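Okay, so here's the structure we're looking at.
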Amino acid sequence: MIIINGKLITWEKPNRVLDGYALYIQDEKIAEIGPQAELLARHPQAERMDAGGQYVMPGSIVAHTHFYGAFARGMAIPGASPKDFPEILQKLWWPLDKALTEADVRASAEVMMVDAIRHGATTLIDHHASPNAIDGSLDVIAEAVERAGVRAVLCYEVTDRDGPEKAQAGIRENVRFIERTRREPVAEGRAAATFGMHASLTLSDATLDACREAAPEGIGFHLHVAESMADEYDSLAKSGLRVVDRLNKHGLLGPRSIAVHAVHVDAREASLLAESGTWVTHQPRSNMNNGVGVSALESMLRLGIPVCLGTDGFSSTMWEEWKFAYLLQKVWHLDPRRMNGMDVEQMAIYNNARLAGSFFPQAPLGVLAPGAFADIIFVDYHPHTPLTAGNLPWQIIFGFHESMVTTTLVSGKALMRDRKVLTLDEEAITAHARELAPAVWMRYEKLVP
Ligand SMILES: [Zn+2]
């Protein structure tokens, strides 16, 4: 297939914006990029997909999300509003994840798949919790991923907060699913696995070691790190160590591990993250919503920590996350010079692509280049000023909206064309979730302490 009449944003390094070029896709990968007339002459029989003057670029990558949070939208928290992050966990997320049945896990994954396709997110790294439906939950999500056609990295969050049996079940679910992905292609090879853990503050030393021992060779860990100060104080009280030191002691850091948030890490913890090559993900909307603080992003980037950008279960609208990442640092530091747009690009584009690519080593992700996976979106954006590779981060921050995404392809297959989701029945999925929601909310309310 040849994609014609698009303006290509390649997101190579350095980035290029190409007019008059076309993309030739063979099977699941980009085979050639070249001047349109040449490509058409070389492949006269190829099927054509007309981008109609839209921007054609790699799909967005979400470095950290929670599909299971879908039912939280519009849900009321009974009683007094949570006053801090530990109360948000106790009054919102923990009773909500306990309320989920297997059917709810499926429905929330489906809702989030539609959301991803609509907003041009083609690869998502998920972190799942459903303590009353643990066994097989990652298969249920993988089925949704398979039907949707997106690419996803899945894990189950191990925690001690629901007792030792559920902690063991969480470990088993991670190991089972990791081994499954090694035995057979899951979701046609579009689902990969990592080992999920909740956060230091709900994990004992014994469980940290049990996860380390259970994790198959070559697997890293995906967990929340120092999201609020409570995580640091809990770790100090439990072990005399700060969170990152504690994780390091238990062998959980490294170039395959993802430390989510890292809002309250101190200088030594940050250097430990850098030395170990651990990934950090930044979710500014979530940090703002939870009132947990602001990451020292620029320092972490300068230390060489590969900081990525995620959504933490907010809608898979990555350009929204760009905007918050950009604006939050400026107001926090009372300085409009902070957080250069190119730093946001570094995180959201180059770092996210490397992180996602580490789970799908068969071909590059997040770039339009020969040999890369054909994970591509069309963006119906017609700027009134010149758009160049140099000013693209600011065109995105001030001009792009996810509603401008009209077409989403993963592995060369169209998941949405002209704003019509093709792989899933969006209306039925939305209606089904709306039917389930009242029962989820009722179970949730009974579980709120
Ligand atoms: Zn999270």
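The values are calculated or read from the model by the stated rules, or taken from the named source; none is laboratory data. Given the structure is predicted, the values throughout are model-derived calculations rather than measurements. Because the Cβ atoms are built from the backbone with ideal geometry, glycine has one as well, and the counts that use them run over all protein chains shown. SASA here: full protein model, heavy atoms, side chains in, ligands and nucleic acids out. Shrake-Rupley method; radii C 1.70, N 1.55, O 1.52, S 1.80 Å.
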| Any idea what angle helix 229-239 forms with the longest principal axis of the chain, computed on alpha-carbon atoms, 0 to 90 degrees, nearest 10? | 50 degrees
| field | Net charge contributed by nearby residues that have their C-beta within less than 14 Å of residue 326 (K/R +1, D/E -1) | value | -1
| field | Estimated [θ] at 222 nm from DSSP helical runs (n ≥ 4, -39500 (n - 2.57)) normalised by residues in the chain, nearest 500 | value | -11500 deg cm²/dmol
| To the nearest 20 debye, what is the magnitude of the charge dipole of region 85-191 about its Cα centre, counting +1 on the Cβ of each Lys and Arg and -1 on the Cβ of each Asp and Glu? | 220 debye
| field | GNM result for the chain, Cα springs below 10 Å: residue of 380, 205, 335 fluctuating most strongly | value | 335
| remark: Charge tally for neighbours of residue 23 with beta carbon under 14 Å away, counting Lys, Arg as +1 and Asp, Glu as -1, is -4
| field | Exposed-loop-free span, longest in the chain, where GluC sites (Glu not before Pro) count as exposed if DSSP calls them loop and at most 16 other C-beta atoms lie within 10 Å | value | 218-449
| query | Taking only Cα atoms, what is the 0 to 90° angle, nearest 10, from helix 318-333's long axis to the longest principal axis of the chain? | reply | 60 degrees
| said: Tell me the angle of helix 267-276 to the major Cα principal axis of the chain, expressed in degrees between 0 and 90 and rounded to the nearest ten. | reply: 60 degrees
| message | Quick check on region 367-438: take the gyration tensor over C-alpha atoms, sort the square-rooted eigenvalues as a ≥ b ≥ c, and tell me if it's rounded (a/c under 1.5), prolate or oblate. | response | oblate
| task | Keeping all protein chains in place, calculate the accessible area per residue for the chain (probe 1.4 angstrom), answer in Å². | result | 38 Å²
| request: Add +1 for every Lys or Arg and -1 for every Asp or Glu among the other residues with Cβ under 12 Å from the Cβ of residue 262, and state the total. | output: -4
| Taking the chain as a Gaussian network, Cα atoms linked when under 10 Å apart, which of 163, 277, 136 shows the biggest mean-square fluctuation? | 163
| said: Given an 8 Å cut-off on Cα distances and at least 6 residues of separation, report the relative contact order of the chain as a percent. | reply: 22 percent
| task | Select from 17, 31, 5 the residue farthest towards the positive end of the dipole of region 1-106; place +1 on Cβ of Lys and Arg, -1 on Cβ of Asp and Glu, and compute about the Cα centre. | result | 17
| On the accessible surface of region 38-127, probed at 1.4 Å, how many percent belong to carbon and sulfur atoms? | 52 percent
| Looking only at 274, 148, 76, which one moves most when the chain is put into a Gaussian network model with springs between Cα atoms under 10 Å? | 76
| task | Of the DSSP beta bridges with both residues in the chain, give the percent that are antiparallel, rounding to the nearest 5. | result | 45 percent
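Relative contact order for region 292-421: what percent, with Cα pairs under 8 Å and sequence separation of 6 or more?
Worked out over region 292-421, it gives 21 percent.
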| said: Please compare each pair in 98/166; 29/413; 323/413 to a cut-off of 20 Å on the Cα-Cα distance and tell me which ones are over it. | reply: 323/413
| field | Length-normalised contact order of region 129-257 in % [C-alpha pairs under 8 Å, at least 6 apart] | value | 23 percent
| With every protein chain in place, region 155-299: carbon and sulfur % of accessible area (1.4 Å) | 51 percent
